[in-house]
Structures are given as C-alpha cells and as structure tokens.
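Accompanying notes for the structure given below.
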Amino acid sequence: MRRKDRNVDSVEEKERILAEALHMTLAMQDDTSAGAPYQVPLNHVYLDGNIYFHCAAAGKKLDCIRANPNVSVSAISTGRLVVPENAKACDIGMAFESVHATGVATVLEQGDEHRRALEALVRRYGGDPSTMSPAAMKVTTLVRIAIGVMTAKRANM
C-alpha cells in the first residue's frame with residue numbers, strides 16, 4: 001500500500017470493517033467476454049473467517065465463479081465527505097474505512113454450513129431465521145469466499 005499512514009494492520013480491525021460494511025462489490029473474470037472484468041454489488045455476511053453471499057441458482061455470477069473461482073471483493077464500512085470550511089478543491093476528501101480481499105469462491109451444497117451462513121445473512125439484515133421456510137432455504141444458493149489476502153485502510157476518521 002502506497003499510503004502507509006492509511007494502512008490498517010490489525011486483523012481484528014480488518015474483520016470489523018468487513019463485518020460492518022452493509023454491502024460489498026464482488027469482482028470476477030468473465031470468460032464469456034474474453035476475460036473482461038465483471039463486478040456486482042452484493043449483501044454479505046462475514047462468518048468464521050469467510051465471506052458468504054446468496055444469489056439466484058443460475059446466472060452470470062455463478063457462471064463466472066464456476067469458470068474461475070478466484071475473486072476479489074471490496075467493501076466500505078464508513079464513508080462521508082469531508083469539506084473543511086473555505087476549502088479549496090484539493091482540501092476536500094473522504095472519511096472512510098475500507099477492506100479489499102482476494103480469495104476463492106465455492107458454491108455451497110445444502111447442509112450445515114449452508115444453513116448457518118443463510119441464517120447469519122438473514123439475521124445480519126434484520127430478519128428472523130426461524131421464519132425461513134425449508135422450501136425457501138432449499139432453493140437459495142449460497143457462496144463462500146475463503147479469504148486468501150485481506151488489506152484495509154482508513155482516512156480522516
């Protein structure tokens with residue numbers, strides 16, 4: 001990282017930033033478009049050192065993951081514009097905490113990990129997991145991202 005003064009070294013702080021971010025952007029390689037980048041914003045949950053998200057049972061996202069499971073994610077947990085009084089253009093900035101991670105995505109089969117991750121995802125966004133029907137759980141696709149490398153930075157906090 002070029003700006004060492006913005007680097008977050010603590011693993012606990014990196015995990016906190018990722019856990020607090022309301023959404024993340026998932027980047028993949030689209031082999032159907034000559035390897036062009038493909039990225040989408042997603043809801044996620046950070047659980048047991050992995051990132052989980054849910055999606056439809058078919059679509060471009062899963063096609064990309066199945067063709068090449070190496071992915072990248074970025075998430076911002078805090079972001080606000082900082083405009084000092086009588087600011088000149090270069091004085092304006094952002095206050096933020098962000099995480100960037102690379103890892104390997106795996107589409108989960110039904111089972112304990114699938115259930116625990118789906119319950120955590122529902123709980124994270126304010127739902128009650130006990131209200132999920134078995135039929136809905138069965139048709140919900142979940143993906144685990146096993147994090148390989150995670151970096152974080154913050155500014156103006």
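Here is a list: ALA21, ALA95. Which entry is surrounded by 13 or more Cβ atoms within 10 Å (Cβ to Cβ), at pLDDT below 85, among the small types (Gly, Ala, Ser) and touching a strand residue (DSSP E or B) at 6+ places or on another chain (Cβ under 7 Å)? I'd like the intermediate steps shown before the answer.
On the way: ALA21 fails: at pLDDT below 85.
After applying the criteria, what remains is ALA95.
Provide a single number: the residues in region 44-62 that are surrounded by 14 or more Cβ atoms within 10 Å (Cβ to Cβ) and outside any helix (DSSP H, G or I).
Adding up the residues that qualify gives 10.
Take the residues in region 124-145 that are in contact (Cβ under 8 Å) with a residue 60 or more places away in the chain and exposed (fewer than 14 other Cβ atoms within 10 Å of the Cβ), then tell me which one is farthest from the chain's Cα centre (by Cα).
Start the filter on region 124-145 by keeping residues that are in contact (Cβ under 8 Å) with a residue 60 or more places away in the chain, which leaves 124-125, 139-145.
Applying the additional criterion that residues be exposed (fewer than 14 other Cβ atoms within 10 Å of the Cβ) yields 125, 139.
Working: TYR125: 14, VAL139: 22 Å.
Applying the filter and picking the extreme gives VAL139.
I'd like to check something: does region 10-31 contain any residue that is among the charged types (D, E, K, R) and within 22 Å of ARG115 (Cβ to Cβ)?
No: zero hits.
Considering only region 77-133, state which residues are assigned to a helix (DSSP H, G or I) and over 27 Å from LYS14 (Cβ atoms). I'd like the intermediate steps shown before the answer.
In the first step, residues of region 77-133 are kept if they are assigned to a helix (DSSP H, G or I); the result is 89-91, 112-124, 129-131.
Selection gives ALA89, CYS90, ASP91, SER130, THR131.
So which of CYS64, CYS55 ends up being touching a residue at least 40 places away in the same chain (Cβ under 8 Å) and under 23 Å from VAL139 (Cβ atoms)? It would help to see each step written out before you state the result.
Values: CYS64 fails: touching a residue at least 40 places away in the same chain (Cβ under 8 Å).
It is CYS55.
With the condition kept exactly as written, say whether any residue in region 63-72 is of a type in the set (Asp, Glu) and buried (at least 17 other Cβ atoms within 10 Å of the Cβ).
no
Filter region 61-90 down to the residues that are closer than 11 Å to GLN29 by Cα and touching a helix residue (DSSP H, G or I) at 6+ places or on another chain (Cβ under 8 Å), then identify the one that is modelled with the highest pLDDT.
It comes out as VAL71.
So, GLU109, is that one at negative phi, more than 14 Å from the chain's Cα centre (by Cα) and of a type in the set (Asp, Glu) or not?
Numbers: at negative phi: yes; more than 14 Å from the chain's Cα centre (by Cα): yes; of a type in the set (Asp, Glu): yes.
Considered against the rule, which asks whether it is at negative phi, more than 14 Å from the chain's Cα centre (by Cα) and of a type in the set (Asp, Glu), GLU109 comes out as yes.
Residues of region 34-52 being among the small types (Gly, Ala, Ser) and either within 16 Å of HIS100 (Cα to Cα) or in contact with a His (Cβ under 8 Å, 6 or more places away or on another chain) (or both), which ones? Outline the logic, then answer.
We begin by selecting, within region 34-52, every residue among the small types (Gly, Ala, Ser); these are 34-36, 49.
Hit for region 34-52 is GLY49, nothing else.
Which of the residues belonging to region 134-154 are among the aliphatic types (A, V, I, L, M), out of contact with any Cys (no Cβ under 7 Å at 6 or more places or on another chain) and not in a helix (DSSP H, G or I)?
Within region 134-154, the first condition is being among the aliphatic types (A, V, I, L, M), and the residues that meet it are 135-137, 139, 142-143, 145-147, 149-150, 152.
This time we only want the ones that are out of contact with any Cys (no Cβ under 7 Å at 6 or more places or on another chain), so: 135-137, 139, 142, 145-147, 149-150, 152.
Answer for region 134-154, where residues must be among the aliphatic types (A, V, I, L, M), out of contact with any Cys (no Cβ under 7 Å at 6 or more places or on another chain) and not in a helix (DSSP H, G or I): LEU142, ILE145, ALA146, ILE147, VAL149, MET150, ALA152.
Which of the residues belonging to region 30-48 are hydrophobic (A, V, I, L, M, F, W, C) and under 18 Å from ARG144 (Cβ atoms)?
The first filter runs over region 30-48 and keeps only residues hydrophobic (A, V, I, L, M, F, W, C), leaving 34, 36, 40, 42, 45, 47.
Of everything in region 30-48, those that are hydrophobic (A, V, I, L, M, F, W, C) and under 18 Å from ARG144 (Cβ atoms) turn out to be VAL40, LEU42, VAL45, LEU47.
The values are calculated or read from the model by the stated rules, or taken from the named source; none is laboratory data. Computed from a predicted model, the values in this text were never measured in an experiment. Counting neighbours? That spans all protein chains shown, and the Cβs are built from the backbone with ideal geometry, glycine included.
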